[in-house]
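Beneath this line is the structure, given in structure tokens, with notes to follow.
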Amino acid sequence: MFGAGNADADLMFVGEAPGAEEDRQGLPFVGRAGAFLSELIDGIGLRRDDVFVANVLKCRPPGNRDPMPVEIESCRPYLEQQVQLIEPRVICTLGNFATKLLTSNPTGITRVRGTPQVHELGGRAVFVLPLFHPAAGLRTPQVAETLRSDFASLPELLTQPLPRAEANAEPDPPEAVAPQAAAEADQLGLFGGARR
């Protein structure tokens, strides 16, 4: 599954892997989490057709399990080529797997969500905005509100001049959501087939 959306998009979303419905339709984020992602995109005045949506893994993991390191590394070159071809200004990582891969940092999503970072991806510097996975918002109302708040920062971020790669620095960790919501958001495995 390559991805879907505007191949000239300024805004790109990267999730974890296709789920069952995505596997059936051959498109990313078309299940319940995808509907919530579309709602969030609409909420900032964009349409799903304005952005590009992809996943770290290009195939559904057997049994809908978490991606394995060898699978992530096998699919990494394809994602890097997508970023290079699309040339987004902002990449939103959805959940732990995408965030850890594209930031090359093992820090969990709860500590880094909502804070823009600068990384060199696809041969140029881009803003990376780590976000909770939409499936976490389906499970926990407080995470859904956090997602809406983090999405609200996107229109302004999209107007910023392209960053310089050397300006990258570790951001101060933002305020975490309530411990229960944070734990649920970090444990994407709890969401079964709805997490994609």
- [ ] Among residues belonging to the range 14-42 that are in contact (Cβ under 8 Å) with a residue 12 or more places away in the chain and small (Gly, Ala, Ser), point out the one that is nearest to LEU158 (Cα to Cα).
- [x] GLY15
Open item on the list: Please go through the range 21-37 and give me each residue that is open to solvent by less than 30 Å² (accessible area, probe 1.4 Å) and touching a helix residue (DSSP H, G or I) at 6+ places or on another chain (Cβ under 6 Å), ordered by number.
Closed with: PRO28, PHE29, GLY31, ALA33, PHE36, LEU37
Task: Scan of the range 147-166 for residues that are closer than 11 Å to LEU40 by Cα and of a type in the set (S, T, N, Q), ordered by number - done: SER149
- [ ] Kindly check whether there is at least one residue in the range 152-161 that is in contact with a strand residue (DSSP E or B) (Cβ under 8 Å, 6 or more places away or on another chain), assigned to a loop (DSSP other than H, G, I, E, B) and either under 30 Å from GLN25 (Cβ atoms) or among the aromatic types (Phe, Trp, Tyr) (or both).
- [x] no
TODO: Read through the list (1) in contact (Cβ under 8 Å) with a residue 24 or more places away in the chain; (2) part of a helix (DSSP H, G or I); (3) β-branched (Val, Ile, Thr), then give the number of the only condition that ILE91 fails.
DONE: (2)
TODO: Could you please let me know if VAL177 is crowded, with 21+ Cβ neighbours inside 10 Å and at pLDDT below 95?
DONE: yes
Task: Those residues of the range 51-88 which are closer than 12 Å to ALA7 by Cα and crowded, with 16+ Cβ neighbours inside 10 Å, in sequence order - done: VAL51, PHE52, VAL53, ALA54, GLN82, VAL83, ILE86, GLU87, PRO88
Open item on the list: in contact with a Lys or Arg (Cβ under 9 Å, 6 or more places away or on another chain) and farther than 19 Å from ALA35 by Cβ: which single residue out of GLY123, GLY114, GLY108, GLY95 fits that description?
Closed with: GLY108
Open item on the list: Only one of GLY26, GLY31, GLY95 is modelled with pLDDT of 95 or more and among the small types (Gly, Ala, Ser). Can you tell me which?
Closed with: GLY95
TODO: Filter the range 108-149 for residues that are open to solvent by 10 Å² or more (accessible area, probe 1.4 Å), modelled with pLDDT of 95 or more and within 17 Å of ILE72 (Cβ to Cβ) and give the result.
DONE: HIS119
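The values are calculated or read from the model by the stated rules, or taken from the named source; none is laboratory data. As the structure is a prediction and not an experimental result, all values here were calculated from the model. Ideal geometry is used to build each Cβ from the backbone, glycine not excepted, and the neighbour counts take in all protein chains shown. The accessibility values were calculated without ligands, DNA or RNA, using every heavy atom of the protein model including side chains. Shrake-Rupley method; radii C 1.70, N 1.55, O 1.52, S 1.80 Å.
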